[in-house]
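To start, the structure under review is shown below, and the notes come after it.
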Amino acid sequence: MLTFVLALLAAAGPAAPAEGAAASACPAIDPPAAAAGAVHMRVFVDPATGRVREPTDDELRAYAERRRAARAAAPPPVFEVVTYPDGMVAVDLGDAFLFDVRIARQPDGGRRLECVPHSASPAPAPEK
Amino acid sequence: MGARFRILAAAVLFAAALAAPLPAAVTILIINADDPGVGFNDPTPATPIGGNTGTTVGEQRLQAFQYAADLWGALLDSNAEIRIHAQFKPLDCTATDGTLGAAGPSEMLRDFPNAPEPNTWYAAALASALAGRDLLPGTDVAEIRAQFNSNIGTSGCLETDHWYYGLDSQHGDSIDLVTVLLHEFAHGLGFETVVDPTTGAEFMGVPDIFEKHILDDSTNTHWGAMTAPERQASTINTGAVAMDSPRVTAAVPTTLRNAPTLSITAPASIAGDVTVGTAAFGAPLTTAGVSGALVALEDPGDAAGPSTTDGCSAATNASAVAGHVALVDRGTCSFVQKALTAQAAGATALVVANNAAGTSVLGMAGSDSSITIVVVSVTQADGATLRQNLAAGVTVNLLLDPSRRSGADGAGRMLLYAPNPVVEGSSTSHWDTSAYPPLLMQPNLGSDLTHGVDLTLPLLQDLGWPAAAPPLPPGEPRGAVDAVEHGPEHPRVIGPRP
């Protein structure tokens, strides 16, 4: 038999990751210039040469717009709370507290893996 | 449909842990949530590799998941099955960066039967383990969610990178899926706090069990006893946010090496020890250290580097630098180039000052076998202090401090990642980046990680996980399940979302 005392929906949750909250610690950006301060240590590669370079203004604008649009489209987290007869409380977190492992190519050709909070922003690429 | 896996002994990789009698293990169920023909069901033929016997891409993905689950399952103990809702699907990705995967607990529970601490959030899998039974019954209800990127290595998505589905750590230049899974599953098992790091607010006003173990060294106060503003301040107290975990502290001396340190011996006004980052190239630090006067290397402001302190061109004051420890600023050229410049000027060692604000020290990547001097990095603030005092005569010793372990505080407690500015979600839910050798739960997963769980297992034990290992001596706080309460079944009601 299904019994429950209270089920309520709460919208209290973590704020979406801030644009400026870039990882400033962590190892080894070499040279550092291209990635310094970038969200998720994103680097930009010149499609003509394949080399890492400073992003153009258009690229930066497109990137920022992409993240803004994605954040705007994402609803605020809503958590389902269920209280059971014996007092146990369970909260469905959804994807709110997932951790992403992200990868970024470094300027020296190496790559960097980093564990960061889950971002609702990315629009998944189509299945291939 | 779900694919069910029983836990198997994890063989030689966990020989040390398996040396003790195993009281039990935990069954982990991988719920394959992918549609037919994609993800775990991708029928693309694949050649078995590294112990993975799958003959399709989907089978190999599933076997790698099973293997990582087996590794954790062999180390933990629970009467309750752990279910992982798993998908391999397209995630955010570009030609140069992307998401490899994501995972975490699907639910947090509190005040469940046999909960060691009342009014405290526990990750669902841990809660069920402590309760001794499945608190979230149902074949499609998972304690952990996991989703991984199926597009890695395809057109437009990090085309030169590839998943390695082998089980033997021999991944070469590919990305070892099992390592990433071990890291992510640990978050799902409870290795994270759900405190909002930007405000210090507890999740729905209730502390979580991970948070309760966090100790601010500066105030000697646990996070559970702090106000939200105090936690907010502590979140960015770099180098002073530790994990109060007896098992972890006990394991630190045998897990981590001595702390890389810059010891300032003069002038007296700034004398003291500074934590430094190390380089992947050059001479290693020693306990004896390299000592000498610190001298600012000067070079032309030119096309190689616009600053006269960046060390990107040949030194103009080589005679002053020779025989001493050189100081340059980060920026423009590679760390390797700066080291080459300093070495060519006759420096005995090099200190690179960060050019970006932040409280965590940088590790420096690169390789050049011709570099024979020690190279370390300091924060921007420490670099400024050193530079401001050069006229007074700064002498330093670069060494491995035998009195401290890298990544640990003065009391031997493991430090948490607490950079300033805060990195939402990542801060305080990982080990500090100064720990060496690399640990599974550092935010920057090292490519040289193998399939060990280092300090992660003792931390999970101190959070309450019963482990397939000898119990703590009597009197140790938190942890073991002494009795299982068999309360009424917990019906679960899924209400509609607005």
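The values are calculated or read from the model by the stated rules, or taken from the named source; none is laboratory data. Owing to the predicted nature of the structure, the values given are computational and were not obtained by experimental measurement. All Cβ positions, glycine included, derive from the backbone under ideal geometry; neighbour counts span all protein chains shown.
Taken over the stretch B:406-443, the criterion of being among the small types (Gly, Ala, Ser) and either part of a loop (DSSP other than H, G, I, E, B) or at pLDDT below 90 (or both) is satisfied by B:SER406, B:GLY407, B:GLY410, B:ALA411, B:GLY412, B:ALA418, B:GLY425, B:SER426, B:SER427, B:SER429, B:SER434, B:ALA435.
Among the residues of the stretch B:65-77, is any within 25 Å of B:LEU460 (Cα to Cα), within 14 Å of chain A (Cβ to nearest Cβ) and not in a strand (DSSP E or B)? Yes, that holds for at least one residue. Checking every residue in the stretch B:187-198 against the condition of being buried (at least 23 other Cβ atoms within 10 Å of the Cβ) and assigned to a strand (DSSP E or B) gives zero matches.
Listed residues B:ALA353, B:ALA342, B:ALA391, B:ALA384; which is over 27 Å from B:ASN444 (Cα atoms) and either within 23 Å of the chain's Cα centre (by Cα) or in contact (Cβ under 8 Å) with a residue 24 or more places away in the chain (or both)?
Values: B:ALA353 fails: over 27 Å from B:ASN444 (Cα atoms); B:ALA391 fails: either within 23 Å of the chain's Cα centre (by Cα) or in contact (Cβ under 8 Å) with a residue 24 or more places away in the chain (or both); B:ALA384 fails: over 27 Å from B:ASN444 (Cα atoms).
Every option except B:ALA342 fails the conditions.
Residue pairs, Cβ under 9 Å, 6 or more apart or interchain, first in the stretch B:261-275 and more than 15 Å from B:LEU398 (Cβ to Cβ), second among the hydroxyl-bearing types (Ser, Thr, Tyr) and in a helix (DSSP H, G or I). List them. Listed by first residue and then by second, the contacts come to B:ILE270/B:THR385. Taken over the stretch B:38-97, the residue count meeting the criterion of being at pLDDT 95 or above, polar (S, T, N, Q) and either over 24 Å from B:HIS187 (Cβ atoms) or in contact with a Cys (Cβ under 6 Å, 6 or more places away or on another chain) (or both) is 6. Against the test of being in a loop (DSSP other than H, G, I, E, B) and closer than 20 Å to B:GLY358 by Cα, the options B:THR278, B:THR332 yield a single qualifying residue, B:THR332. If the condition is being buried (at least 17 other Cβ atoms within 10 Å of the Cβ), of a type in the set (A, V, I, L, M, F, W, C) and out of contact with any strand residue (DSSP E or B) (no Cβ under 6 Å at 6 or more places or on another chain), then the stretch B:296-327 contributes B:ALA315, B:ALA318.
Restricting attention to the stretch B:367-405, the residues that are assigned to a loop (DSSP other than H, G, I, E, B) and either among the polar types (S, T, N, Q) or out of contact with any strand residue (DSSP E or B) (no Cβ under 7 Å at 6 or more places or on another chain) (or both) total 8. Every test in (1) more than 27 Å from B:MET441 (Cβ to Cβ); (2) away from chain A (no Cβ under 14 Å); (3) part of a helix (DSSP H, G or I); (4) of a type outside the set (S, T, N, Q) is passed by B:GLY58 save one, and that test is (2).
Checking each residue in the stretch B:127-159 for being in contact with a His (Cβ under 6 Å, 6 or more places away or on another chain) and either away from chain A (no Cβ under 11 Å) or small (Gly, Ala, Ser) (or both) picks out B:ALA142, B:GLY153.
Scanning the stretch B:295-317 for residues that are under 10 Å from B:THR341 (Cα atoms) and among the small types (Gly, Ala, Ser) gives B:GLY311, B:SER313, B:ALA314, B:ALA315.
Checked against the criterion of being among the basic types (Lys, Arg) and within 21 Å of the chain's Cα centre (by Cα), the candidates B:ARG133, B:ARG145 yield just one match: B:ARG145.
Listed here are the residues, each with its yes/no results for (1) closer than 18 Å to B:MET108 by Cβ; (2) at pLDDT 75 or above; (3) within 7 Å of chain B (Cβ to nearest Cβ); (4) surrounded by fewer than 20 Cβ atoms within 10 Å (Cβ to Cβ).
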residue	(1), (2), (3), (4)
A:MET88	yes, yes, yes, yes
A:PHE97	yes, yes, yes, no
A:ALA104	no, no, yes, no
A:GLY109	no, no, no, yes
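One residue stands out among those in the stretch B:221-246 that are part of a helix (DSSP H, G or I) and surrounded by fewer than 20 Cβ atoms within 10 Å (Cβ to Cβ): the one that is nearest to the chain's Cα centre (by Cα), which is B:PRO246. I'm checking my understanding of the structure. Among residues of the stretch B:133-167 that are among the acidic types (Asp, Glu) and closer than 23 Å to B:ASN32 by Cα, which one is modelled with the lowest pLDDT? My answer is B:ASP140.
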